[in-house]
1. Go through SER74, SER44, SER37 for me and flag whichever is away from ligand 1 (no atom under 13 Å from the Cβ), assigned by TED's automatic domain parsing to the domain that holds THR198 and over 20 Å from GLU3 (Cα atoms).
2. Pairs, please: C-beta under 6 Å, at least 6 apart or cross-chain, first residue on the phi > 0 side of the Ramachandran plot and in region 1-30, second within 15 Å of ligand 1 (Cβ to nearest atom)?
3. Quick check on this structure: which one of PHE22, PHE97 is within 16 Å of ligand 2 (Cβ to nearest atom) and touching a Cys at 6+ places or on another chain (Cβ under 9 Å)?
4. Can you go through LYS43, LYS13 and tell me which one is over 16 Å from ILE167 (Cα atoms) and surrounded by fewer than 21 Cβ atoms within 10 Å (Cβ to Cβ)?
5. Looking only at region 25-56, which residues are part of a loop (DSSP other than H, G, I, E, B), within 16 Å of ligand 2 (Cβ to nearest atom) and under 16 Å from the mean Cα position of the chain (by Cα)?
6. Kindly indicate which of GLU186, GLU207 is assigned by TED's automatic domain parsing to the domain that holds LYS31, more than 10 Å from the chain's Cα centre (by Cα), closer than 19 Å to ASP228 by Cα and not in a loop (DSSP other than H, G, I, E, B).
7. Kindly indicate the residue of region 178-206 that is among the hydroxyl-bearing types (Ser, Thr, Tyr) and more than 16 Å from ligand 2 (Cβ to nearest atom) and also modelled with the highest pLDDT among those meeting that condition.
8. Can you confirm whether ALA239 is exposed (fewer than 12 other Cβ atoms within 10 Å of the Cβ) and either outside any helix (DSSP H, G or I) or at pLDDT 50 or above (or both)?
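The values are calculated or read from the model by the stated rules, or taken from the named source; none is laboratory data. Being a predicted model, the structure only gives us computed values, none of them experimental. Using ideal geometry, Cβ is built from the backbone for each residue, glycine included, and neighbour counts are taken over all protein chains shown.
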Amino acid sequence: MTENLLTVRGLHKVYGKRDSKFEALRGINLKINRGESVAIVGKSGSGKSTLMHLLALLDRPTKGEILLDGTNTSKLKQRQLNKLRNKEFGFVFQQFFMNANDTVLNNVILPLKIAGVSAKERKRRAMHALTIVGLESKAKNKASDLSGGQKQRVCIARAIVNDPAVIFADEPTGNLDSNTGAKIEEILFSLNREKDITLIIVTHDEELAEKCDRQIRITDGRITSDEDIAEERELAEMAQEEKEERHRKHLSGDMDADGLRDDATVSHVKVKEVK
Ligand SMILES: Nc1ncnc2c1ncn2[C@@H]1O[C@H](COP(=O)(O)OP(=O)(O)OP(=O)(O)O)[C@@H](O)[C@H]1O
Ligand SMILES: [Mg+2]
């Protein structure tokens with residue numbers, strides 16, 4: 001598979017007709033690579049969820065195309081789209097779409113059932129996914145009996161049970177308290193790091209957006225900025241490590257080869273003296 005996962009060209013989405021016509025997306029061009037974590041940010045009504053729905057092949061654009069691994073998805077029939085979505089994508093949305101009256105296990109199993117995986121294998125994989133989110137002990141409970149954070153974790157288990165290439169998350173922590181939200185974030189980012197799952201997250205939460213490799217800002221249906229924050233973060237981390245190393249050396253009284261104390265302030269003074 002190629003490094004590039006999604007390519008979006010000239011994407012437009014128009015809702016409604018005549019008087020109620022509204023252009024929610026007005027020409028989006030975008031490339032997303034495998035393994036990236038991408039935050040889609042912007043004001044309410046700017047088109048974030050619309051874009052995510054199109055990227056996730058849950059809806060079709062009015063104009064433009066989306067290539068998934070080089071395949072032009074606009075050429076695919078609905079049945080093929082459904083199959084592709086079920087195989088490649090996992091979803092974590094703010095409203096927990098679950099069958100409330102069914103068990104946790106059956107909710108997680110659903111994508112595997114659709115994919116035609118055998119009953120035994122389905123159970124094994126669903127239990128594994130529940131273990132990852134720390135809910136194996138709740139497998140037999142009714143989904144409606146769980147807390148909000150637990151429901152969200154079941155959604156994550158269901159999202160990863162098919163070993164997806166991408167997880168789409170629309171405000172995944174929006175309804176949760178900050179502790180539970182932090183746990184959900186931790187699970188999502190560890191899946192990104194350890195399993196190389198691409199994360200595409202719509203969020204209003206600045207802190208969550210900062211944790212992603214990349215931030216795409218949508219304003220009135222257009223991309224108004226696209227920042228690679230992973231690089232900035234790496235540079236900041238390197239600077240911090242350097243500072244700590246200097247501090248450590250300073251405390252232990254280490255000297256540089258030239259006899260100067262390896263400390264920014266001291267060497268700064270020295271330079272001044274030489275002048
Ligand atoms: N099914 C629909 N029919 C008509 N208009 C729609 C429909 N879905 C969305 N819209 C409109 O399209 C625009 C973009 O909606 P979208 O849901 O993508 O916004 P958003 O950025 O996700 O906002 P929020 O942060 O509030 O979730 C809004 O003005 C909305 O009213
Ligand atoms: Mg939205």
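1. Matching residue, one of SER74, SER44, SER37: SER74.
2. GLY10/GLY27; GLY16/PHE22
3. None of the others qualify; the one that does is PHE97.
4. Exactly one of LYS43, LYS13 is over 16 Å from ILE167 (Cα atoms) and surrounded by fewer than 21 Cβ atoms within 10 Å (Cβ to Cβ), namely LYS43.
5. GLY42, ALA56 - these are the residues of region 25-56 that are part of a loop (DSSP other than H, G, I, E, B), within 16 Å of ligand 2 (Cβ to nearest atom) and under 16 Å from the mean Cα position of the chain (by Cα).
6. Exactly one residue qualifies, and that residue is GLU207.
7. Ranking the qualifying residues of region 178-206, first place goes to THR198.
8. yes
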